[in-house]
């Protein structure tokens with residue numbers, strides 16, 4: 001959030017204003033930082049969009065992968 005605040009804050013008087021290209025890049029970066037949280041909030045409010053079976057399967061695969069990697073590193 002600190003990076004988003006920094007990117008979206010107004011320019012300091014006396015400092016050069018960023019070029020439109022740089023400003024667009026900063027806007028895109030801010031969106032990249034915020035988008036995952038916005039998606040989580042949206043899905044929390046709209047659980048009907050979640051495929052519970054697919055999420056459960058995906059989580060089980062990740063759990064098995066974690067256990068396999070842990071065993072290999074032990």
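The values are calculated or read from the model by the stated rules, or taken from the named source; none is laboratory data. Because the structure is a prediction, the values reported are computed rather than measured. We place every Cβ from the backbone using ideal geometry, glycine too, and count neighbours over all the protein chains shown.
A few notes on this one:
- Residues that are surrounded by 10 or more Cβ atoms within 10 Å (Cβ to Cβ) and either closer than 30 Å to residue 2 by Cβ or modelled with pLDDT of 85 or more (or both), drawn from region 41-50: 41, 42, 43
- Qualifying residue in region 21-33 (condition: out of contact with any helix residue (DSSP H, G or I) (no Cβ under 8 Å at 6 or more places or on another chain) and over 20 Å from residue 2 (Cα atoms)): yes
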